[in-house]
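For reference, the structure discussed in these notes is given below.
Readers should treat all values here as calculations from the given coordinates under stated rules, not as data from a laboratory. None of the values given here were measured: they were computed from a predicted structure. Neighbour counts are summed over all protein chains in view; Cβ atoms, including those assigned to glycine, are modelled from backbone coordinates with ideal geometry.
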Amino acid sequence: MIDVNFLINYSERLKTAIDSINYKEVIVDDSQLIHFLEERSLEDKHMLFMVLPDFSNSGRNVDDIKKRTDTLILVLQKTDYSSVSHAEFLQIMQETLISARAIETKMIADKLDDTEAGCLYMKDLNVPSISIQPVWGLAECNGWSIEFNFEAD
């Protein structure tokens, strides 16, 4: 089962691996996200927020129980709507999508090579669960949400 220390370390690993990400934070919920976003500026460019997971069990019977961990990563860019045209907004969405896809690619690579220190949890990544969805107007930010889960015995 994924733990908080792993999320802290893995978000730092993603920030280090992806040049366009220059801020990261691990958060619990929207209110904490909004608090951190209020402290950021337009110069921060792409920000990564790793959300603490929900934990549950899956399986058909007691002998088949797996631990399931659902979480998400947000890739956001603060936007000044008073000076951004629709074309510029779409460019922000394109640029943050490139960062989101780079995160997805890194996650899958880490699953395939789970020997790196700190990445042992990635072997449990459920790749088909990865879903990338647009985020618009969240505390003056736009970007993408990467939802995914882990399943472990």
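Going by C-beta contacts inside 10 Å, put R101, R13 in order with the fewest on the left. Don't jump to the answer; show the numbers that get you there.
Values: R101 14, R13 18.
The fewest-first ordering by Cβ neighbours comes to R101, R13.
So for the chain, what percent of the C-alpha to C-alpha distances run longer than 21 Å? Please report the intermediate quantities before stating the final value.
On the way: 5197 of 11628 pairs.
When all Cα pairs of the chain are counted, 45 percent exceed 21 Å.
In whole percent, what relative contact order does the range 4-152 give with Cα contacts below 8 Å and a gap of six or more residues? Display every interim value, and only then the final one.
Details: 261 pairs, mean separation 35.8, N = 149.
Over the range 4-152, the number comes to 24 percent.
Compute, for the range 4-152, the length of the dipole vector about the Cα centre, with Cβ point charges of +1 (Lys, Arg) and -1 (Asp, Glu) only. Units Debye, rounded to 20. All intermediate terms of the calculation are to be shown ahead of the outcome.
Values: 14 positive and 25 negative charges, 64 e Å.
Computed charge dipole of the range 4-152: roughly 300 debye.
For T105 and T16 in the same chain, what is the full-extension length gain: residue separation times 0.36 nm, less their Cα-Cα distance, in nm?
Details: separation 89, 0.36 × 89 = 32.04 nm, distance 1.43 nm.
Between T105 and T16, full extension yields 30.6 nm more.
Considering only lysines 8 or more places apart in sequence, or on different chains, count the pairs in the chain whose C-alpha atoms sit under 22 Å apart.
18
Largest first and to the nearest Å, give the Cα extent of the range 67-116 along each principal axis.
46, 21, 14
Grab the DSSP H runs of the chain that are 4 residues or longer, score each as -39,500 (n - 2.57), total them, divide by all residues and round the 222 nm result to the nearest 500 deg cm²/dmol. Write out the running numbers ahead of the final one.
Working: 3 runs with 50 residues, N = 153.
Calculated mean residue ellipticity at 222 nm is -11000 deg cm²/dmol.
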